[in-house]
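Written below as structure tokens is the structure these notes are about.
Please treat every number below as a calculation from the coordinates, not as lab data. Note that the coordinates shown come from a computational prediction; the quantities given were computed from them, not determined experimentally. Neighbour counts are summed over all protein chains in view; Cβ atoms, including those assigned to glycine, are modelled from backbone coordinates with ideal geometry.
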Amino acid sequence: MKRRDFFRKGIGAGIAAGAAISIGPGNKLFAGAAPMLDYDLVAVKGGEPGTMFDQAIQSLGGIEKYVKKGQRVVVKPNLGWDATPERAANTNPELMARIVEHCLAAGAKDVYVFDNTINEWTRCYKNSGIEKAVKDAGAKVLSGKSKGSYHEIAVDGGRKLKRVQVHELILESDVFINVPVLKTHGGTVLSLSMKNLMGIVWDRRWWHANDLHQCIADITTVVKPDLNVVDAYRVLKKNGPRGVSTADVVTMKSQIIAENMVVADTAAAKLIGKDPAQIGHIRMADEMGLGSMDLSNLKINRIVI
Amino acid sequence: MHQRSLKTIRVIMALLFISATGFIFIDFRELLPTGLITGITFLQFLPSLLSFFTTFGLVAAGFIVILVLTILFGRIYCSAICPLGIFQDAVSWIRKKTKKKHRYRFGKPQNRWRYGFLVLPLLVLLAGKSLVGVNLLDPYSIFGRIASDLFQPVYIWLNNRIAGVLESMNVFFLYPENITPARGLTYVIPAFMLGLVIWFSYTRGRLYCNTICPVGTLLGLLSRVAIFRIGMIEGLCTKCGKCAVACKASCIRIKSLEVDFSRCVGCYNCISVCPEDAIKYLPAAGSALTSRRGGPAGSVDPSGPGDPARREALTRMIATGVALSGFSLPDGSQETVIENKVPTEIKPVKNFPVTPPGSLGIRHFTTRCTACHLCISACPTSVLQPSLVEYGWSGIMQPHMDYSTNYCNFECTLCTDVCPTGAILSLAAEAKKTTQLGQVQLILENCVVYAENTACGSCSEHCPTQAVTMVPYRQGLTLPEIVPEICVGCGACEYACPVRPFKAIYVDGHQIHQVAQKPETEELEQPDLEEEFPF
């Protein structure tokens, strides 16, 4: 059954959510040198974007834990802006390419990359370096600007958001890997995993006029990535989410990986020195039981390269 | 060279020019480099003329090439280069293919109409300093508007259909593009002109070019004194009439063996059909030439050396030159306020429309833009839209920056690189980033954060210079604050603002573009990579 069929048939958010993560835990078929624990969160620091991902995903049991042979995978970066990689407004292209390589090596049938960009999309794809990097790695790159590719689904658990138009790639693919970049955001303080989902929906302007934080929290009740990789190699510390120049960027050489978005976003917020409880959508998602801001009971793997 | 091959050469040139010119107006994938686009429009008469008077540069000397060609061989422009002329030939060709018995025949010159349509726009230009008359009649610009406003959406639609089929086969070579419809009324003029030229060319060949087109009439005046003209050779001609039947310009009069060369569009169909080789290019001084310098027999213009028609022609040419050079001198003193809307408490007050980057200001732009819509075709965001009354009626169809449709991409300079008239002058990427088209205005009462205590930040998020920043407000919320000095007027904030019906933030255009200050930057402290994870 395709993801879209789930949503179309109106099966409750809980079931859809369960299905989305059912591929995940408890699947230990692979062999690897690293000790394999069921980590809830992996944090890496000190390496290049690709290297950090290699080590982090290995400690989680390899991408094979998430991507099975013949599956269709969508890897969704934050690709909102017509800006070079140095500006850190978009996800790191090297990281994107590495994730695509891992997926294809694991036997994925197709790996798709797209974003509903904010600036004119062909320029975003080109100047971010992501289009070339992922195409070279073997991914298929699609425009996120066709209204016809977005299909309305119900958000049963939503408090503000009741219906939303989601891109068919998210609904139809077997695996969804969410790859935001950690950055500041004028409206929502930070832009992280949950905020990155604004790039898979069509009618996001409505969100801005109707309690943005709540809408972001609401969509996480129905759309749950199988894996979230928060790129914190270069970080837009000021003037986010777009930034004005490279003067707004600091180099943190870090990466956060988690299956749960609230967990990933909490860790990423702490990494940049913000209190996650002060960020509306993280707090709301926590309150709605979508994940916990309390990292103290989680199994965390901290890797320093 | 046998002159019969002239038609073949003309047809090849025409196909090259119309496909290249047509393509730059329908392409949305930016497949051609801007240098090539400039090359394609180089020979277009009116844009080149306007551009020449703006830049005084040889890069804009295409119209001189056309003038020289015309003085040598007549209106070569009209059949080989002018896209509207070639388009009409295509319509006539289709008619010929569908209706076998199609015959053209000699028609009298419509002098009142054609000189009227030449003088009237120039009077409007001199009296009102407005290009509107010229714009509405210039054949290149008419073709541009038809191709950009009507053909490009069809082309994109076709592309999307094919892209859809390919996508279903998991092939992503083509991509779908959104069709951004303009306001309905802006289609009226191009649609009317399309209908008119199709009707004219379907029924009467090049009637449009010889009664309405001011470029055709102007070049026709020059053709009268051309060095080589098409004429009929008295001894050879059997008066079979094949040439007159083939003449789309209806300018061959068999009875008196005359060719009204002022109306000849240089299609060379006559040369190619003549079984006797009795009609061809002949030097004007040749004794066998029967093509008359004045109008054809039957017209009121007497002919002969020093005839009034010729004098009239020269006078008009000089007048045109003076008019154009006079109007080319920029001076801001006669600036009139375009639009003054009554201010309301929450309705944005826009004093001036926004002109594209590189256009220097409203006056420079509106006195040079022929509204060919090449910039509209090229604009990747569709923020450039045809105007109706934004510049007043005299600026109808000239593009304006429409921030309800989209906003100007900060890094993009495409429109400045393709404009063939000098209305939008080329801007380097860095210069564009400090060109202030207008300034940001904030109506805090309209802002959703202020009014409803909910997070937004859409304006600041979109702002490339942070001329609108989010400052701490209450309950962890942030409120927009504007820094107009660093605003470039790109309209991203206005476009992104989610409130309706009136936006909380908008750009009011500048009459004359200003230089924006560069945003201040401060060095950030780089984080210590040795530090422990904070969790």
* Sticking with the crude label model, points 7 Å out along Cα→Cβ, report the distance from residue B:127 to residue A:294 in nm, one decimal please. => 8.4
* Asked: Simple spin-label model, 7 Å along Cα-to-Cβ: residue B:191 to residue B:31 in nm?
  -> 2.8
* What FRET efficiency, computed as 1/(1 + (r/R0)^6) with R0 = 60 Å and r the Cβ-Cβ distance, is obtained for residue B:108 and residue A:135, rounded to the nearest 0.05? -> 0.40
* Structure fact -> Given a Förster distance of 22 Å, the FRET efficiency implied by the Cβ-Cβ spacing of residue B:346 and residue B:452, rounded to the nearest 0.05, works out to 0.90
* Asked: Calculated FRET efficiency, residue B:174 and residue B:529, Cβ-Cβ r, R0 45 Å, to nearest 0.05?
  -> 0.50
* Interatomic Cα distance distribution for the protein assembly as shown, bins of 20 angstrom, percent -> 15, 39, 27, 16, 5, 0
* To do: Taking amide H positions as placed in the peptide plane 1.01 Å from N, state which residues far from residue B:400 in sequence (5 or more) or on other chains have amide H under 5 Å from it.
  => B:385, B:387
* 3J(HN,Hα) from dihedral phi, the stretch B:146-155, Karplus parametrisation 6.51/-1.76/1.60, rounded to Hz, x for glycine, proline -> 5, 5, 6, 7, 9, 7, 4, x, 5, 4
* Asked: Is chain A rounded, prolate or oblate when judged by the Cα gyration tensor, a ≥ b ≥ c being the square roots of its eigenvalues, rounded requiring a/c under 1.5 and prolate requiring a/b larger than b/c?
  -> rounded
* Global form of the stretch A:192-269, assessed from the alpha-carbon gyration tensor, a/c cut-off 1.5 -> oblate
* Could you list, in their original order, any pairs among A:45/A:109; B:129/B:350; A:140/A:237; A:109/A:145 whose Cα atoms are separated by more than 27 Å? => A:45/A:109; A:140/A:237
* Report the net charge of residues surrounding residue A:40, where surrounding means a beta-carbon distance below 14 angstrom and charges are Lys +1, Arg +1, Asp -1, Glu -1. => -1
* **For a label point 7 Å along the Cα-to-beta-carbon line of residue B:515, residues of the stretch B:413-439 with backbone N under 20 Å** => B:425-439
* Work out from phi, with θ = phi - 60° and the Karplus expression 6.51 cos²θ - 1.76 cosθ + 1.60, the ³J(HN,Hα) of each residue of the stretch B:380-394, listed in order in whole Hz, and give x for Gly and Pro. => x, 9, 6, 6, 7, 10, x, 8, 10, 10, 4, 9, x, 4, 5
* Where does the charge balance sit around residue B:17 when Lys and Arg score +1, Asp and Glu -1, over other residues with C-beta under 12 Å from its C-beta? -> 0
* To do: For every helix of n ≥ 4 consecutive DSSP H residues, a contribution of -39,500 (n - 2.57) applies; sum these over chain B, divide by its total residues, and give [θ] at 222 nm rounded to the nearest 500 deg cm²/dmol.
  => -11500 deg cm²/dmol
* Which pairs, out of A:238/B:518; A:195/A:238; A:132/A:195; A:160/A:238; A:195/B:432, put more than 27 Å between their alpha-carbon atoms? -> A:160/A:238; A:195/B:432
* Structure fact -> Here the stretch B:258-271 yields Karplus 3J(HN,Hα) values (6.51, -1.76, 1.60; θ = phi - 60°; whole Hz; Gly and Pro given as x) of 10, 10, 7, 5, 5, 9, 5, 8, x, 8, 6, 4, 4, 4
* Environment charge at residue B:185 (Cβ cut-off 14 Å; Lys +1, Arg +1, Asp -1, Glu -1) -> -1
* Structure fact -> In terms of the charge dipole of the protein assembly as shown, which places +1 on Lys and Arg and -1 on Asp and Glu at the beta carbon, the residue among B:22, B:407, A:97 farthest towards the positive end is B:22
* To do: Using only Cα atoms, locate the centre of the stretch A:87-107 and the centre of the stretch B:420-499, then give the distance between them in Å, rounded to an integer.
  => 32
* Asked: Listed highest first by mean packing, meaning other Cβ atoms within 10 Å per residue, what order do A:102-112, B:3-13 come in?
  -> A:102-112, B:3-13
* To do: Quick one: which residues, 5 or more positions from residue A:128 or on another chain, have an amide H under 5 Å from its amide H? H modelled 1.01 Å from N in the peptide plane, none for Pro or chain starts.
  => A:83
* Structure fact -> Each label sits 7 Å from Cα toward the beta-carbon; between residue B:444 and residue B:15 the label points are separated, in nm, by 6.7
* To do: Give the shape of chain B as rounded, prolate or oblate, defined through the alpha-carbon gyration tensor: a ≥ b ≥ c are the square roots of its eigenvalues, a/c under 1.5 means rounded, and otherwise the shape is prolate if a/b is larger than b/c and oblate if not.
  => prolate
* To do: Using only the alpha carbons of the stretch B:5-290, determine the length spanned along each of the three principal axes and report them from longest to shortest in whole angstroms.
  => 69, 48, 33
* Asked: Per the Kirkwood formula on distinct C-alpha pairs, the Rh of the stretch B:361-459 is how many angstrom?
  -> 15.2
* Taking chain B as the reference, fit the longest principal axis to its C-alpha atoms, fit the long axis of helix B:308-328 to the helix C-alpha atoms, and give the angle between the two in degrees, 0 to 90, nearest 10. => 10
* Amide proton proximity set for residue B:467, modelled H, under 5 Å, gap of 5+ -> none
